[in-house]
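One structure is given below, encoded as structure tokens.
Where a number appears in this text, it was derived from the coordinates with a stated rule and is not lab data. Small disclaimer: the values here were computed from a predicted structure and weren't measured. Note that we place each Cβ from the backbone using ideal geometry, even for glycine, and neighbour counts take in every protein chain shown.
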Amino acid sequence: MTTALEGTTVIEVAGHVAGPYAGSLLGDLGCEVIKVELPGEGDTHRGRNPLYEGYGPSFRALNRNKKSITLNLKEQEGREILFSLLESADVLLDNFRPETRLRLGLDYEELSKLNPRLIHCSISGYGQDGPYRDKPGFDTIGQALSGMLSLVTDRKNPNVVGVSITDHTTGIFAAYGTLAALLARHQTGRGQFVDASLLQVSLSFIESHVVDYLNGGERVSRDNFPRGRIYCFTAGDDLPLVIHLSGHQEAWEGLVTVANRRDLLDNPRFAERGDRWEHHWEIVEILGQDFKAMPRAHWLTALDAKGIPNAPINTIEEVFEDPQIQHLGFPRTITHAEMGSTQLIGSAINMSDTPPQFIRAAPLLGEHNDEILGRLGFTPEAVGKLREQGVV
């Protein structure tokens with residue numbers, strides 16, 4: 001056994017980000033992930049960057065360690081082939097709206113009769129029931145409705161953030177639920193339905209930021225979250241950095257020492273942690289001027305010498321010049337026999353005995369039709385006929 005989930009088969013009927021990300025995480029752990037795509041079109045994310053003709057870098061990242069089969073699920077024969085795959089599969093992963101999923105016959109109660117051990121993980125925008133059940137859901141919609149977006153943007157001048165937080169966290173939680181269901185199956189012998197929605201995941205993800213409000217305290221905001229703890233400054237060379245202070249007086253004393261402003265220790269407005277919370281933005285304004293006196297590299301070195309947590313606010317280009325990033329081995333290379341090499345990050349975890357792996361590069365559309373359909377008993381001639389009929 002070289003990977004944790006070797007011998008586990010996942011049928012992924014999902015597109016864009018959340019579902020495919022969940023599938024890629026399971027693939028990293030050794031699952032055979034068979035991605036079902038629409039003939040001639042495939043996952044909508046294939047076309048995100050038209051410069052790459054259906055095989056863009058983002059698609060490659062989200063669909064590493066998978067095989068691709070094309071099935072037209074609007075055709076009865078296409079659905080029957082899918083059901084044949086599900087008879088022996090361990091996991092079905094989809095990201096349809098509930099009404100669409102049911103219309104395609106992907107009802108867990110019925111599928112469990114076909115395969116009682118099947119785990120069905122369905123990702124939706126808002127959950128499997130409720131007034132929003134059948135509304136279209138997307139990453140930024142989940143962020144906005146859950147309150148997450150209000151914590152990372154100015155509501156008076158709103159803008160989206162530069163990363164699909166909700167899509168990716170939903171993919172993580174979908175994989176998490178699937179792993180729990182696989183473990184439970186060892187005890188019960190039965191599969192189960194796993195429901196992961198963009199909305200519920202977004203709420204869960206910010207839980208620790210809203211519990212003060214839920215329990216009678218102040219609601220968290222972009223203004224009060226960093227108070228007394230987190231400081232962002234721009235150095236004299238116009239490069240930004242962030243400093244994170246613990247609640248200890250020693251950290252505050254170290255910061256003002258580095259900034260050559262020990263006079264602030266005698267200011268009663270900043271004497272205790274609560275005082276610094278109250279006057280946070282005044283401190284930002286004062287020290288912000290001092291940090292403009294020297295370039296960022298000076299401040300990072302000086303802060304390190306005092307043991308004060310800090311980091312440059314890196315651009316993406318700067319990230320991959322960082323010695324710690326390079327030490328961790330990023331980026332990593334994955335190679336497709338026809339499409340060549342791709343630089344990726346890969347799994348976020350390391351394991352001593354069964355590490356996540358790059359097993360195969362993201363597939364071309366329908367690349368594994370013959371292999372997968374052959375397992376089901378279709379001859380090359382039969383596959384050709386299905387292709388002519390638009391089923392595959």
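Points worth noting:
- Debye, to nearest 20: dipole size of the chain, +1 on Lys, Arg Cβ, -1 on Asp, Glu Cβ: 320 debye
- Summing +1 for each Lys or Arg and -1 for each Asp or Glu among the other residues whose beta-carbon sits under 14 angstrom from that of LEU255 gives +1.
- Of all DSSP-defined beta bridges confined to the chain, some 35% are antiparallel rather than parallel.
- Considering helices alone, the calculated mean residue ellipticity of the chain at 222 nm is -11000 deg cm²/dmol, with DSSP H runs of length four and up weighted by -39500 (n - 2.57) and normalised per residue.
- Simple Cβ-charge dipole of region 273-392, Lys/Arg +1 and Asp/Glu -1, about Cα centre, in debye nearest 20: 180 debye
- Simple Cβ-charge dipole of region 78-129, Lys/Arg +1 and Asp/Glu -1, about Cα centre, in debye nearest 20: 80 debye
- Cut-off 13 Å, label 7 Å out along Cα→Cβ of ALA297, residues of region 223-238 by amide N: 237
- Counting only lysines at least 8 places from LYS292 when in the same chain, those with an alpha carbon closer than 24 Å to its own are LYS306.
- In terms of distances greater than 24 angstrom between alpha carbons, the cross-link table entries LYS35/LYS74; LYS35/LYS385; LYS66/LYS135 yield LYS66/LYS135.
- Distance in nm between pseudo-label sites at ASP290 and THR234 (7 Å out along the Cβ direction from Cα): 2.0 nm
- Applying a DSSP loop filter and a limit of 14 other Cβ atoms within 10 Å to the chymotrypsin sites (Phe, Trp or Tyr not before Pro) in region 238-324 leaves PHE320.
- Positive dipole terminus of region 1-79, leading residue within TYR55, CYS31, THR70 (C-beta point charges): TYR55
- Ordering PRO240, ILE345, GLY42 by the projection of their Cα atoms onto the charge dipole of the chain, which places +1 on the Cβ of Lys and Arg and -1 on the Cβ of Asp and Glu, puts GLY42 at the extreme positive end.
- Efficiency of FRET between ASP370 and SER58 - r from beta-carbon atoms, R0 45 angstrom, step 0.05: 0.95
- Options HIS336, LEU149, PHE291, ranked by Cα towards positive dipole end of the chain, top entry (Cβ charges): LEU149
- Comparing LEU85, LEU51, LEU104 in a Gaussian network model of the chain, where Cα atoms under 10 Å apart are tied by springs, the biggest mean-square fluctuation is seen for LEU51.
- Of the peptides 14-22, 370-378, the order by per-residue mean of other Cβ atoms within 10 Å, starting with the highest, comes out as 14-22, 370-378.
- Environment charge at ALA174 (Cβ cut-off 11 Å; Lys +1, Arg +1, Asp -1, Glu -1): -4
- Selected from GLU285, GLU80, GLU207 as most flexible by GNM, with the chain as the system and alpha-carbon contacts under 10 Å: GLU285
- Centroid-to-centroid separation of region 18-53 and region 211-239 [C-alpha atoms, Å]: 37 Å
- Against the rule of thumb 2.2 N^0.38 Å, how large the Cα Rg of region 230-319 comes out: 1.05
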